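Reading through the structure tokens given below for one structure.
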Amino acid sequence: MANQPRIFSIKELNRYIRMKLESDSLLGDIWLRGEISNFTHHSSGHMYFTLKDKDSRVKSIMFASHNQRLPFIPKEGTKVLARGNVSVYERDGNYQFYVTAMQPDGIGSLYLAFEQLKSKLDAEGLFDAARKRPIPAHPRAVGVITSPTGAAVRDILITLQRRFPSIPVYIYPVLVQGTQAAPSIVKAIEAMNRFGETDVLIVGRGGGSLEELWAFNEEAVARSIAASVIPIISAVGHETDFTIADFAADLRAATPTAAAELAVPHLSELRSRLERQLQRLHQGMRYKLQEDREKLQRLQRSPFFLYPRKYLLEQAERLDRLTDKLEQRTRLTAERGHTRLARLRTALASHHPGERAAYAAKRREGLSKQLEHAMASLLKERKLALHGTIRQLDALSPLKVMSRGYGLVYDENEDRLIKSVAGVEPGNIVKVKVADGRLDCRVLDVKGD
Amino acid sequence: MDSINNGELSFEQAMERLDSIVSKLENGDVPLETAIELFQEGMKLSRLCGSKLEQVEQKIEMLIETEQGFQKKTFAPVNDDKGE
């Protein structure tokens, strides 16, 4: 059984081919040389045409967004160089050339080289504004690198003469067209930098065809311009001519005449600047002198110089016034001292010891009265307490018991109460205390219970 | 002052110096002796600048590099109008 083949739609096929073409690096950005035919400029702004050469043709489109800045008007039969990419128009299944840039052929190859070199050097930063050196306001001398014959050098010299006749000019003769032009210009720029007496260089030539101006589009020239230590003004051809040298230069002049104007100031400007400075110098000096003279006059007019005697008298008077003031002050100070002393004495008297003794006696009297009073009440209190105690004692007294007929038996010496028959012998003397007295007795017999 | 006397100053340098002298004088505050010195220097500078401006003879030379170094030749423009 054979494998079932995959079936594609036409759309899928066209899309696949389109993807293939668009991913191809050569087809993504390609230059074509050909002739325009079947040209239509649609009302939408897009251009539809066929590019053909003697063997083949290809359908081409240039969208409005790209053709707006086209430097020429394409016509039937125009030979062109076109840049663009190849893709597929999916609906119709045909491939087309999508043009992004186009110019007339003929000068085409030069133009291509120009664009390529320009974008290469630009990417390197050779044209960066930050690299540009300022053109000096007043150069010591001007260097001119151009052909010694022809309009450019003449225009430059005439203009320099007109603006600033006294400025020294050094011309370094070079070839400005042909194959030897570029190396000759490079050599001149290097030589001028070694020579070192000029502060600005004009590099250029008069107008001509693109081929004639070509030396100024060469990489070596652009690099030596960028490498120059001396600032360079480029002056190539006419106003509309732009060369790589112009981009590399520190300043681009539209024409050689303009370059000379940019290189030196105008003499009359400098004259009036100098004139102004000279006026300010004189005026400043006059002002200074006048100021100092006035200062001197002020000093000379001062009273000291005019009336020296009067000045002395004034000083004597001043001395007297000061003496008076001094005396007055001394007196016042003494008076103030006295007042203060009196005040201090009063204060001191209030602290005399006699005063303190009287106060202490008074206080002592008060305190002894207090003491007596406290003592009396204490005694009274104690007396009452005593009576209480006596009554209690009375109630407990053995005398009270004895008064009911009991007696207390002591030994002979009356120091031991006899509470038992033990230790008592017949014949011992005992003493019996009764309520109202004592009986001295002799023991006749001892009998235990 | 010395730099003026030995003639080394360029026009621009001389103008700058003149500028600063004028500013100093205008600001006052300088002693009279200094002011006089400044004024004299200023006058010298302005004469120097003036003479530099009024040199009528244009000096145009063609520079040719040989093995002996740079040679200056008086330039006589040839006018053959080739548009170069």
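Those residues that are in contact with a Leu (Cβ under 9 Å, 6 or more places away or on another chain) and either surrounded by fewer than 11 Cβ atoms within 10 Å (Cβ to Cβ) or under 20 Å from A:Asp92 (Cα atoms) (or both), I need them from the range A:25-53; list them, please.
A:Leu27, A:Met47, A:Leu51
Would you pick out the residues in the range A:240-274 that are outside any helix (DSSP H, G or I), in contact (Cβ under 8 Å) with a residue 60 or more places away in the chain and among the hydrophobic types (A, V, I, L, M, F, W, C)?
A:Leu251, A:Val264
Which fully enclosed strands (runs of 3 or more DSSP E) of the range A:1-103 have 2 or more residues being modelled with pLDDT of 90 or more and of a type in the set (D, E, K, R)?
Once the strands (runs of 3 or more DSSP E) in the range A:1-103 are filtered for at least 2 residues that are modelled with pLDDT of 90 or more and of a type in the set (D, E, K, R), what remains is A:30-41, A:57-62.
Within the set of pairs 6+ apart or on separate chains, which have a first residue in the range A:1-24 that is farther than 12 Å from A:Asn94 by Cα and assigned by TED's automatic domain parsing to the domain that holds A:Asn85, a second that is open to solvent by 90 Å² or more (accessible area, probe 1.4 Å) and assigned to a loop (DSSP other than H, G, I, E, B), and C-beta atoms under 8 Å apart?
A:Tyr16/A:Phe8
Within the range B:65-78, does at least one residue satisfy the condition of being open to solvent by 50 Å² or more (accessible area, probe 1.4 Å), assigned to a loop (DSSP other than H, G, I, E, B), more than 9 Å from chain A (Cβ to nearest Cβ) and modelled with pLDDT of 80 or more?
yes
Within the range A:209-227, count every residue that is aliphatic (A, V, I, L, M) and either exposed (fewer than 15 other Cβ atoms within 10 Å of the Cβ) or closer than 18 Å to A:Arg131 by Cβ (or both).
The total comes to 6.
Of all residues in the range A:157-175 being open to solvent by less than 10 Å² (accessible area, probe 1.4 Å) and assigned to a helix (DSSP H, G or I), which is nearest to B:Ser51 (Cα to Cα)?
A:Leu160
Please state which of the following conditions A:Ser302 fails to meet, knowing it meets all the rest: (1) open to solvent by less than 70 Å² (accessible area, probe 1.4 Å); (2) under 16 Å from A:Thr159 (Cβ atoms).
For A:Ser302, the exception is condition (2).
Residue check: is A:Gly196 surrounded by fewer than 24 Cβ atoms within 10 Å (Cβ to Cβ), farther than 23 Å from A:Pro136 by Cα and assigned by TED's automatic domain parsing to the domain that holds A:Gly143?
no
For residues in the range B:1-57 being over 25 Å from A:Ala141 (Cβ atoms), facing chain A (nearest Cβ under 10 Å) and part of a loop (DSSP other than H, G, I, E, B), which is modelled with the lowest pLDDT?
Applying the filter and picking the extreme gives B:Gly28.
How about the range A:211-237: which of its residues are within 14 Å of chain B (Cβ to nearest Cβ) and closer than 20 Å to A:Gly178 by Cβ?
A:Glu211, A:Glu212, A:Leu213, A:Trp214, A:Ala215, A:Phe216, A:Ala235, A:Val236, A:Gly237
Kindly establish whether A:Ala188 is buried (at least 18 other Cβ atoms within 10 Å of the Cβ), more than 30 Å from A:Arg271 (Cα to Cα) and within 45 Å of the chain's Cα centre (by Cα).
Taking the combined requirement at face value, the residue does not satisfy it.
Being open to solvent by 20 Å² or more (accessible area, probe 1.4 Å), of a type in the set (A, V, I, L, M) and away from chain B (no Cβ under 14 Å) narrows it down to one residue among A:Ala113, A:Ala82; which is it?
After applying the criteria, what remains is A:Ala113.
Go through the range A:176-193 and give me each residue that's free of Cβ contacts under 8 Å to residues at least 40 places away in the same chain and more than 8 Å from chain B (Cβ to nearest Cβ).
A:Gly178, A:Thr179, A:Gln180, A:Ala181, A:Ala182, A:Pro183, A:Ser184, A:Val186, A:Lys187, A:Glu190, A:Asn193
Kindly establish whether A:Ile135 is touching a strand residue (DSSP E or B) at 6+ places or on another chain (Cβ under 8 Å), touching a residue at least 60 places away in the same chain (Cβ under 8 Å), part of a loop (DSSP other than H, G, I, E, B) and at the interface with chain B (Cβ under 10 Å from one of its Cβ atoms).
no
The values are calculated or read from the model by the stated rules, or taken from the named source; none is laboratory data. Fair warning: this is a prediction, and the values are worked out from it, not measured in the lab. Positions of Cβ are backbone-derived with ideal geometry, glycine not excepted, and every protein chain shown enters the neighbour counts. Surface areas here come from the heavy atoms of the whole protein model, side chains and all, with no ligands, DNA or RNA. Shrake-Rupley method; radii C 1.70, N 1.55, O 1.52, S 1.80 Å.
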